[in-house]
Amino acid sequence: MNSRLSISIIAIAAAVLCASGCKEGPFAPMVTQQSKPANVLAQPQSTAIASQVQDLNRRVGQLDVNNADLHRQLAQAEQARQASQEQVSLLQKQLGDMASRLKDTQIAKHEADKQVNAIQASTRARGGATITANNSIRQSLAMVSIPGLDIRQDGEVIRIEVPSDKLFAPGTAQLQIDGYRILDEVAAAVQRTYPRQRIVVESHTDDSLGANPTAAHTLTNAQAQAVFQQLVQRGRLPPRQLSVLAMGENHPLASNATPAGKAKNRRIEIVVYPDTIDG
């Protein structure tokens, strides 16, 4: 009976231990590799993912920098393209303007040549007069002296240069008071020294009227006609002795880049030819 009691007590004790869920002792469950917690297994994976995310963020940041740099370069290239296009447009416009002015100059030269030919033709037999060469005109140059005016030998002709600014109001063919006096002195010198020589009144101007291709010739024609009228009416020179020629801006004496050069180019030239008109 004591033996049965001991067995019963041992069985009850074992049951109590099992019921209480003891985790130690000879009845505790064995812990194996497969029963480790899940968070212990996930930790290396989390570290690897975090490293990959960090690397991706770094790459994204570098791509943003590269993208911004490309946009900046693209903007600079676009600005350079626009500047080049504007320069090309400007050069094309300048080329067109130069071509237009060249054409106008060629037309003006053609018209001037026609005027010269007409003058030469008309002076050969105007009013029954005949023209003969006079070689003594070279010796007559020293006899001409008009204060304030430049008188020079130019090949076979003599040129009496009168600044337009002394004759006319700026940009007009309106004679000023002093202009009458100067032209009277010129007429007297011509009557005294070249009473039978062929005289051409040449009118010149600067390039201030270049924007209007015909304005320079219109102005110089009006100025030449005004001088012609004064030499005939006040100076009493015979009309058949005189001709007029509007030269526009085609024959400058100086550069038009300076005010002094422009003033030098605005002029009336009384050109004395070595031909005499008789009859």
Using alpha carbon positions and the Kirkwood radius, the Rg to Rh ratio of the stretch 194-279 is 1.05
Rounded to the nearest 10 Å², the accessible area of I151 using a 1.4 Å probe with every protein chain kept is 40
Taking r as the C-beta separation of Q191 and T105 and R0 as 41 Å, the FRET efficiency to the nearest 0.05 is 0.65
Pseudo-spin-label distance N212 to Q43, built 7 Å along Cα→Cβ, given in nm, is 9.8
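With r as the distance between the Cβ atoms of D154 and L90 and R0 = 45 Å, compute the FRET efficiency 1/(1 + (r/R0)^6) and round to 0.05. Spell out each step's value before the answer.
Working: r = 40 Å, r/R0 = 0.90.
That gives a FRET efficiency of 0.65.
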Stretched fully, the stretch from R58 through L70 gains (0.36 nm per residue minus C-alpha distance, one decimal, in nm) 2.5 nm
Rounded to the nearest 10 Å², the accessible area of K93 using a 1.4 Å probe with every protein chain kept is 120
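Normalised radius of gyration for the stretch 55-96, please: alpha carbon Rg relative to 2.2 N^0.38 Å, two decimal places.
Numbers: Rg = 18.1 Å, N = 42, 2.2 N^0.38 = 9.1 Å.
That works out to 1.99 for the stretch 55-96.
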Note: the stretch 43-119, point scatterers on Cα, Debye, no solvent; log10 I/I(0) at q = 0.20 Å⁻¹ equals -0.92
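Suppose all protein chains stay in the model; what accessible area per residue would a 1.4 Å probe give for the stretch 217-279, in Å²? Walk me through the numbers before you get to the answer.
Numbers: 2650 Å² over 63 residues.
Value returned for the stretch 217-279: 42 Å² of accessible area per residue.
The values are calculated or read from the model by the stated rules, or taken from the named source; none is laboratory data. As the structure is a computational prediction, the values presented were derived from the model and not from experiment. When we count neighbours, we look across all protein chains shown, and the Cβ atoms used for this are built from the backbone with ideal geometry, even at glycine. Side chains are part of the model used for accessible areas, which takes the heavy atoms of the whole protein and leaves out ligands, DNA and RNA. Shrake-Rupley method; radii C 1.70, N 1.55, O 1.52, S 1.80 Å.
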